[in-house]
Structures are given as structure tokens and as C-alpha cells.
1. From the phi of every residue in the stretch 59-65, what ³J(HN,Hα) in whole Hz does the Karplus formula 6.51 cos²θ - 1.76 cosθ + 1.60 yield, where θ is phi - 60° and glycine or proline is x?
2. Provide the per residue accessible area, probe 1.4 Å, for the stretch 38-127, rounded to a whole number of square angstrom.
3. Could you check how much of the accessible area of the stretch 79-150 is carbon and sulfur, as a whole percent, using a 1.4 Å probe?
4. In units of 2.2 N^0.38 Å, what is the alpha-carbon radius of gyration of the stretch 36-184?
5. Round to the nearest 10 and report in Å² the accessible area of K201, as given by a 1.4 Å probe over the protein chains' heavy atoms.
6. In terms of the Cα gyration tensor, with a ≥ b ≥ c the square roots of its eigenvalues, is the stretch 160-214 rounded because a/c is under 1.5, prolate because a/b exceeds b/c, or oblate?
7. Considering amide H positions built from the backbone, and no H for Pro or chain starts, which residues 5 or more places from M91, or on another chain, come under 5 Å of its amide H?
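The values are calculated or read from the model by the stated rules, or taken from the named source; none is laboratory data. From a predicted model like this one, the values you see are computed outputs, not experimental measurements. These accessible areas exclude ligands, DNA and RNA; they are computed on the full protein's heavy atoms, side chains included. Shrake-Rupley method; radii C 1.70, N 1.55, O 1.52, S 1.80 Å.
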Amino acid sequence: MKNRKHALVLAGTAAALAATLIAAAPAPAAPASATQAAPAAQAAPKVAAVHGGGTIRYPYVPASHDIRFTVDAEAAPWSRPFPAQGGEQGMPVDARGKVTIYHAMPDENVIAVGEAEVDCLVTGGRTATVTAVVTSSNVGWEGKRIGISVQDGERGNPDRLGFSWGIANVDVQPDGSVSEPRVGTCMAPAPFTEVTKGGFKVTPAPLPPRPSTP
């Protein structure tokens, strides 16, 4: 069971996602005598989200390792107030959901697992960055914030994923010692690994307006 903490690189159990398609009947044509069409109902604002699960290829572990991530995150803007000036209403990138991590290491007869609660989500095109705080694990990561980046592949390209440990987030001190800084909200490296099985759906959305103060 050596180096279990450093070996946790994978996402949790892969969850199958089903999409429900709703077909809408066409609206009837306006009567010939009508001079003005009724105003269209205002569409609900799009909510940023990431859903999916997949196995990744990570070159710094043996090929026999099985590493999977699942991410189910949805924006919940201005929902996490914090006790600081300007934090009374939370942040525009507040979010909710769950991230799971699964890393099977047959060479060490170890399976490392973790589950984390999403606290931040930001999107840009087909890429999203998510952070989550670990709520349960078998490697002692409880309370640790992790960062996950996801790129929704297009034009036949594979999806990609990055995570805030392993090759990133290392701080070398003046005395040569190495530490791992705490991950801030919505902080994660670029999606540097390829998803080899499964996939992710990124729903982008612009940052929401600041809510009005009472």
C-alpha cells in the first residue's frame, strides 16, 4: 500500500448519463387577420454544467492502472456567502454537485477511491474548471479541495481532463523542500490527459449578473 496518497489520480465510478429528448409540436399559424404576433416567452437563462464520466490515460503510472473520474456539477451562482467584505452574496461561479475518483493499482493490490462536493464551476467554450472538497476517501484526503478541468472534445477529437495533483500545484521552498499549496476555488491546470473511455458534456454559460442588493 505504499504511496497511496500520491497515487490517487482517478475519478470515481463511471456513471452512465441518459438524455431525454422532448419533441415540441409546431405552433399553429397566426390567423390572417392578426396584425401582430404574440410576444415569445422569454427563454430561461442557460446554466453552466458538466456531466459525465470517463477513464483517462496517465503516462506516469503502469499501464495496468485503471483511473476514472466522474463529474456532475451545475452552476448555483451567488449561493455560498462567506464572511468577508464582498462575500455576503457569494460568488458568480458558486456551484453544486459531486466529483468521484477511482484508481485501481493491481501492482500494489490497492483501490483508492474518493468523493468530493463541488463548490465552484466556470466554463469557457467547451472547457470547464471545477473544484470540489473531498468528503470521503480511503487515502486520508478528507477536507482537501481538488481541481478538475474538462474539455468536451469536438470534430472527432477525444475529451480531455486535468487534475490539480500529480504534475501540478507544487511549491518549491527556498530551502529546497517541496509543499503542495491548497487549491483555490475554480483553480485547476489545463486538461492534460486524454479520456480513453466514456466522456463529458460541458454546457457553457456566461457569468451571471450580480444580484441586486436589498
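1. x, 9, 10, x, 4, 6, 5
2. Values: 4700 Å² over 90 residues.
Using a 1.4 Å probe on heavy atoms only, each residue of the stretch 38-127 averages 52 Å².
3. Values: 1620 of 3030 Å².
Summing carbon and sulfur atoms, their accessible area is 53 percent of the total for the stretch 79-150.
4. Working: Rg = 18.7 Å, N = 149, 2.2 N^0.38 = 14.7 Å.
In units of the 2.2 N^0.38 Å rule of thumb, it is 1.27.
5. Ignoring ligands and nucleic acids, K201 comes out at about 120 Å².
6. On the way: a/c = 4.60, a/b = 1.29, b/c = 3.56.
Note, shape of the stretch 160-214 comes out oblate.
7. HN-HN under 5 Å from M91: W78, S79, R80.
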